[in-house]
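Report on the following structure.
The numbers here are math on the coordinates, done by the rules we state, and not lab data. As the structure is a computational prediction, the values presented were derived from the model and not from experiment. Cβ: placed from backbone, ideal geometry, glycine included. Neighbour counts: every protein chain shown.
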Amino acid sequence: MPAQSHPRGPSVAFDGVGKRYAGDVRAVDGVTLTIAGGEFVALVGASGSGKSTLLKMVNRLHKPGEGRVSIDGEPVDSVPVHLLRRRIGYVFQNIGLFPHMPVGENVALPLRLRGERYDEARVAELLDLVELPRALAARMPDALSGGQRQRVGVARALAAEPKLILMDEPFGALDPLTRDTLGRAVRKLHDRLGLTTIMVTHDMAEALLLADRILVMAAGEIVADASPHDMLTGKGGAVADTLVAVPREQAHLLSRLERGE
Amino acid sequence: MNQAFARVPDLLAQHILLSAAALLLGLAIALPLTIWSARRPAVARLTLGFASLIQTIPALALLALFYPLLLLLSGLMGGGIPALGFLPSLLALALYALLPILRNGVTGLTHIDPAVIEAADGVGMTARQRLWMVEAPLVVPVLMAGIRTAAVWTIGAATLATTVGQPCLGDLIFAGLQTQNWTLVIAGCVASAALALIVDALLGLAERGLRHRRKGQVRAALALLALGIAVALWPVLPTSGADKRVVVGAKGFGEQYILARMIGHRLEKAGYTVAYREGLGSAVVFGALASDDIDVYVDYSGTIWTNQMGRTETPPRETIVKGVGQWAMARHGVRLIGALGFENSYAFAMRGADAKRRGITTLADLAPQSRQMNLASDLEFLERPEWAAVKRAYPLNFKSAQAYAPSFMYHAIESGKADVISAFSSDGRISKLGLTVLGDPRHAIPGYDAILMVSPRRADDTRFVAALRPLVGHIPVDAMRRANYMVDRDDAQKKSADTAARWLEKQTGLSP
């Protein structure tokens with residue numbers, strides 16, 4: 001599964017994947033689906049629906065109780081876990097920058113794990129990619145704003161040029177404006193670098209605006225699987241309709257306000 | 001005053017080496033345990049529980065426990081493990097240093113932001129990379145705070161290593177306490193407190209440097225510490241002529257300090273380099289001699305007869321001395337050179353007026369009245385077989401029995417806090433305080449001739465033995481009493497043990 005061989009990102013397949021927690025709670029229940037290479041997929045659902053658990057089975061932060069996850073047809077447990085993770089970009093809500101390293105070292109860490117020396121030019125390139133000033137490389141993470149930190153998180157995830165990016169509520173803790181700009185930036189990177197992106201979010205509007213395909217999860221199962229357009233036009237099924245109703249209603253109200261009605 | 005501080009540099013060097021070695025050993029044990037404990041809560045409960053348990057044992061007791069433990073181990077291994085001195089001190093203090101390091105380390109590791117750990121896993125670090133690149137740098141400042149606490153504890157507790165025969169600043173404190181030489185006590189306290197403060201300040205500097213990622217500051221602080229250890233190591237490095245170095249042992253009271261100096265003076269004159277190991281407990285000192293940790297000391301025949309040999313009968317004094325000599329050579333290769341000429345027996349004593357009023361002259365008279373009286377003893381007596389033998393012979397039943405350091409025992413009877421004391425017959429304070437010594441008509445207490453004992457290593461060293469032989473039979477009890485009183489009094493005429501030894505040498509014609 002060498003990333004370089006793909007002009008676009010790899011495909012990801014879930015085959016009868018399930019996981020059960022103590023007390024017989026089913027976190028994920030018999031999920032079978034394939035995400036095509038190059039897709040930007042949003043995984044939407046209420047908290048506790050199992051969407052994060054499903055996502056983290058791809059980079060083995062969670063282990064499925066049954067079934068199998070594979071990337072480009074190769075089971076994820078066929079390689080040592082640290083090697084698997086080095087080929088997958090991972091961005092999550094709490095960011096997890098290393099507080100004892102300057103921003104530049106944080107960004108370059110995946111390269112260091114590959115045995116490369118610190119490369120100032122490469123770090124500058126990565127900071128450009130996420131639209132951060134290069135001067136930030138020398139700062140410590142605690143001197144950055146929340147939005148800047150998550151941009152650093154994205155830059156770190158992209159450093160080793162992975163073709164598959166997993167994002168777990170990546171913009172959950174950011175203010176709406178930062179959220180919107182960062183969302184657009186990520187989508188732009190997805191297109192420019194030809195990635196496969198799976199993003200977990202509880203915000204249907206965000207999912208509709210960024211993704212090519214939306215998967216809705218409830219009680220561990222996929223209850224809807226449709227493009228944003230189909231979702232908005234009622235082809236996603238009952239659960240999807242309820243979820244879509246809120247942003248659609250808000251959008252209508254906003255445009256009415258705008259028209260002065 | 002100057003004399004007290006003259007001994008500080010040497011003992012300070014020993015103190016630094018012992019503390020540093022114990023702290024480093026403690027670290028070496030604590031660090032892997034810390035990592036293991038942080039990964040598994042069950043292990044953490046076990047290790048932290050064990051370390052806390054160790055902490056509840058008084059440091060003095062922990063040191064003392066290592067003596068029989070190492071003795072047993074040495075026996076199982078066929079000898080060769082020193083049970084006294086550096087090794088037991090090192091082990092006990094290292095165990096003592098575990099808790100603060102372990103506790104801070106485990107707390108630090110388990111309180112790292114979970115997001116940071118998730119990120120470390122997410123970018124594909126192996127467990128080892130996560131430890132070195134992320135966890136270690138984040139936990140080091142917290143760990144350093146623990147190391148700092150451990151260092152201060154270790155330096156303080158190391159003063160107790162004196163009791164197992166390891167030279168350290170405690171030598172000054174213990175010797176000062178026994179002879180009421182407060183200058184010595186202060187010299188020991190000031191030196192060890194200053195050492196603790198300096199080490200704490202340097203480690204604090206390193207800790208702050210780590211917190212604020214100032215590498216230069218950390219390096220400077222650690223370099224100063226390393227320099228201190230190196231300087232302390234300098235005089236201790238083995239020098240040539242090791243077989244000319246001898247160690248004179250002494251138990252923890254004035255008479256022993258004086259006799260040790262007399263022995264030392266004679267050996268110095270014979271060309272030996274002499275070191276003193278003072279304040280050793282009665283039980284420990286014979287073991288130290290038998291294992292060549294010390295080369296010579298003065299014991300009392302009855303002590304070995306009852307304690308080491310476990311005998312309960314009390315034959316005439318000469319028989320006991322002879323019996324002890326034969327037993328010591330046969331069982332331990334220890335040579336008894338001879339008796340010094342005086343006896344220092346356990347002697348029950350009362351205030352003179354009090355004894356007259358109650359009509360008590362012997363232990364037999366004391367027994368029926370003992371219910372209304374308080375006993376003060378030295379620190380060991382109540383645990384010794386002699387006390388059991390006395391109680392078997394006389395139905396004594398005191399209102400209370402309290403153990404004191406010898407000087408304080410005399411204060412207790414002087415002030416009326418105690419009515420009877422387990423005095424020493426060669427003690428100058430008996431006559432000075434006007435005490436009446438009670439007779440022992442049933443011969444429960446054996447003879448206590450002062451005897452010169454030599455280690456197996458020196459038993460056949462003719463020059464060594466010849467240097468000491470003139471002491472045999474040359475010290476009468478009167479002279480010993482007066483010398484003892486020079487050291488044991490606590491007024492302006494108080495003299496150092498060395499001065500008293502020189503006086504006694506003149507008095508007995510051992511030196512011109």
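Worth pointing out:
- At R0 = 51 Å, FRET efficiency that the Cβ-Cβ distance of A:SER145 and A:SER78 yields, to 0.05: 0.80
- Residues considered: A:ARG192, A:ARG20, A:ARG151. Largest GNM mean-square fluctuation over chain A, using C-alpha springs under 10 Å, is found at A:ARG192.
- Sorting A:SER49, A:SER255 by the number of Cβ atoms found within 10 Å of their own Cβ, with the fewest placed first, yields A:SER255, A:SER49.
- The overall shape of the range B:115-159 is prolate: from the C-alpha gyration tensor, with semi-axes ordered a ≥ b ≥ c, the ratio a/c is 1.5 or greater and a/b exceeds b/c.
- Only DSSP H runs of four or more residues enter the estimate; each adds -39500 (n - 2.57), and after division by the residues of chain B the mean residue ellipticity at 222 nm equals -18500 deg cm²/dmol.
- Stretch gain in nm, segment B:ASP354-B:HIS443, where the contour uses 0.36 nm per residue and the Cα spacing is subtracted: 29.7 nm
- Secondary-structure-derived ellipticity at 222 nm for chain A, considering helices only, amounts to -11500 deg cm²/dmol, per-run term -39500 (n - 2.57) for DSSP H runs with n ≥ 4.
- Per-residue Cβ neighbour rank within 10 angstrom, fewest leading, B:SER422, B:SER19: B:SER422, B:SER19
- Computed over the range B:310-389, Kirkwood Rh from alpha-carbon pairs, angstrom: 15.8
- In this structure, A:LEU33 and A:ASP119 have a Cβ-Cβ separation that, at R0 = 41 Å, corresponds to a calculated FRET efficiency of about 0.60.
- Per residue, the convex hull spanned by the alpha carbons of the range B:353-512 comes to 145 Å³.
- Inter-part distance, the range B:302-362 to the range A:161-211, computed on C-alpha centroids, equals 92 Å.
- Residues of type lysines that A:LYS63 reaches as a straight line, Cα spacing below 29 Å, ignoring anything fewer than 8 places off in the same chain: A:LYS19, A:LYS51, A:LYS163
- Here the calculated FRET efficiency for B:LEU46 and B:ASP200, from their Cβ-Cβ distance with R0 = 35 Å, stands at 0.70, rounded to the nearest 0.05.
- For the range A:96-161, the C-alpha radius of gyration sits at 0.95 times the compact-globule guess of 2.2 N^0.38 Å, with N the residue count.
- Considering only B:LEU73, B:ALA83, B:VAL123, the residue lying farthest towards the positive end of the dipole of chain B is B:VAL123, judged by Cα position with unit charges set on Cβ.
- Sorted fewest first by neighbouring Cβ atoms within 10 angstrom, B:TRP387, B:TRP36, B:TRP305, B:TRP132 come out as B:TRP132, B:TRP36, B:TRP387, B:TRP305.
- The alpha carbon centroids of the range B:102-135 and the range B:367-434 are separated by 62 Å.
- At least 18 Å along the helix axis (C-alpha) and Kyte average at least -1.0, DSSP helices within chain B: B:8-39, B:41-56, B:59-76, B:86-110, B:136-157, B:182-211, B:215-233, B:254-269, B:317-332
- The alpha carbon gyration tensor of the range B:346-437 gives principal lengths a ≥ b ≥ c with a/c below 1.5, which makes the shape rounded.
- Where the Cα pairs of the range B:242-350 fall when distances are cut into 5 Å bins, in %: 2, 11, 21, 23, 21, 13, 5, 2, 1, 0
- GNM result for chain A, Cα springs below 10 Å: residue of A:ALA135, A:ALA207, A:ALA185 fluctuating most strongly: A:ALA135
- Once the mean of 1/r is taken over each pair of separate Cα atoms and inverted, the range B:118-207 shows a Kirkwood hydrodynamic radius of 15.7 Å.
- Over chain B: Rg over Rh, Cα atoms, Kirkwood Rh: 1.05
- Computed over every Cα-Cα pair of chain A and binned at 10 Å starting from 0, the pair-distance distribution P(r) comes out as 7, 29, 34, 21, 7, 1, 0 percent.
- Between B:ALA226 and A:ASP212, the simple label model (points 7 Å from Cα in the Cβ direction) yields a spacing of 5.8 nm.
- Hull volume per residue, based on the alpha-carbon atoms of the range B:161-261 and their convex hull, is 118 Å³.
- Alpha-carbon Rg with Dmax, taken over the protein assembly as shown, Å: 39.9, 126
- Two-site label geometry, A:ARG248 and B:THR319: point separation in nm, points 7 Å out along Cα→Cβ: 11.7
- Gaussian network model of chain A, springs between alpha carbon atoms under 10 Å - residue of A:TYR118, A:TYR90, A:TYR21 with greatest fluctuation: A:TYR21
- The range B:2-236 - Kirkwood radius from inverse mean 1/r over Cα pairs (Å): 19.2
- For chain B: lysine pairs under 17 Å (alpha-carbon distance), excluding those fewer than 8 apart on one chain: 7
- Cα gyration tensor shape of the range B:1-114, rounded if a/c is under 1.5, else prolate or oblate by comparing a/b with b/c: oblate
- Charge dipole of chain A about the Cα centre (unit charges at C-beta), most positive-ward option of A:LEU174, A:VAL244, A:LEU232: A:LEU174
- Evaluated with a Cβ-only charge set (Lys, Arg +1; Asp, Glu -1), chain B carries a dipole of roughly 400 debye about its Cα centre, given to the nearest 20.
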